[in-house]
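I have placed the structure first, in the form of structure tokens, so that the comments after it can refer back to it.
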Amino acid sequence: MDLDPRSVANLIIDEAVRKNARITNLALQKILYFVHGRFLVEGRGALVAGSFEAWQYGPVSLPVYEAFKEFGASPITAKAKRRHLITREEEVVPTPKDPEICERILEYAAPFFKMAPGRLVELSHADNGPWDRIT
């Protein structure tokens, strides 16, 4: 699949808004990582393009971090944007088009919307988990 991670992030943000869940950049990073991991474990291949970096508070997708860093620890209130290659105008990164993929993403993300960011960090740091093994 190798979707733009900002595209998947925008889908997750849309769902968080629908569920009245406040989502921070930290929480979004962890949810994106967990969903991406689930796709890999199930043999669906990589959900998002690029890689996750091992930061102090767990895995981070740099393009997603850059898109939302202005919010700091506050809830995200906008979508990730990009610059159009031809017009150079800023535009919202569209969410994935495949309804089946979107359904899976939202299904896998759903359990995490009500968790505090600190709990998501704990989960990402699980003993013998992928993040634990590379740090």
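The values are calculated or read from the model by the stated rules, or taken from the named source; none is laboratory data. Quantities reported herein were computed from a predicted structural model and do not represent experimental measurements. Neighbour counts run over all protein chains shown; Cβ positions are idealised from the backbone, glycine included. Side chains are part of the model used for accessible areas, which takes the heavy atoms of the whole protein and leaves out ligands, DNA and RNA. Shrake-Rupley method; radii C 1.70, N 1.55, O 1.52, S 1.80 Å.
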Within the range 79-92, is there a residue that is surrounded by 20 or more Cβ atoms within 10 Å (Cβ to Cβ), among the β-branched types (Val, Ile, Thr) and within 17 Å of residue 5 (Cα to Cα)? no
Could we say that residue 107 is within 16 Å of residue 15 (Cβ to Cβ), at pLDDT 90 or above and open to solvent by 80 Å² or more (accessible area, probe 1.4 Å) here? yes
By residue number, the members of the range 2-23 that are touching a strand residue (DSSP E or B) at 6+ places or on another chain (Cβ under 8 Å) and assigned to a loop (DSSP other than H, G, I, E, B) are 2, 4
State all residues of the range 111-120 that are of a type outside the set (Lys, Arg) and either open to solvent by 40 Å² or more (accessible area, probe 1.4 Å) or on the phi > 0 side of the Ramachandran plot (or both); if no residue qualifies, say none. 111, 115, 116, 117, 118
Failed criterion for residue 128 (all others in (1) closer than 24 Å to residue 56 by Cα; (2) open to solvent by 80 Å² or more (accessible area, probe 1.4 Å); (3) modelled with pLDDT of 95 or more hold): (3)
Of the numbered conditions (1) surrounded by 22 or more Cβ atoms within 10 Å (Cβ to Cβ); (2) closer than 16 Å to residue 117 by Cα, residue 8 fails exactly one; give the number of that condition. (2)
So is residue 69 open to solvent by 80 Å² or more (accessible area, probe 1.4 Å) and in contact with an Asp or Glu (Cβ under 6 Å, 6 or more places away or on another chain) or not? no
Taking residue 59, is it touching a Pro at 6+ places or on another chain (Cβ under 9 Å), more than 13 Å from residue 8 (Cβ to Cβ) and outside any helix (DSSP H, G or I)? yes
Check residue 93 against each of (1) in contact with a helix residue (DSSP H, G or I) (Cβ under 9 Å, 6 or more places away or on another chain); (2) at pLDDT below 95; (3) of a type in the set (Val, Ile, Thr) and name the one condition it does not meet. (2)
Please enumerate the residues belonging to the range 46-56 that are within 21 Å of residue 100 (Cβ to Cβ) and assigned to a loop (DSSP other than H, G, I, E, B). 46, 47, 49
When you look at residue 104, is it assigned to a helix (DSSP H, G or I) and at negative phi, yes or no? yes
Return the residue satisfying two criteria in turn: it lies in the range 24-45 and is at pLDDT below 95 and outside any helix (DSSP H, G or I), and of such residues it is surrounded by the most Cβ atoms within 10 Å (Cβ to Cβ). 44
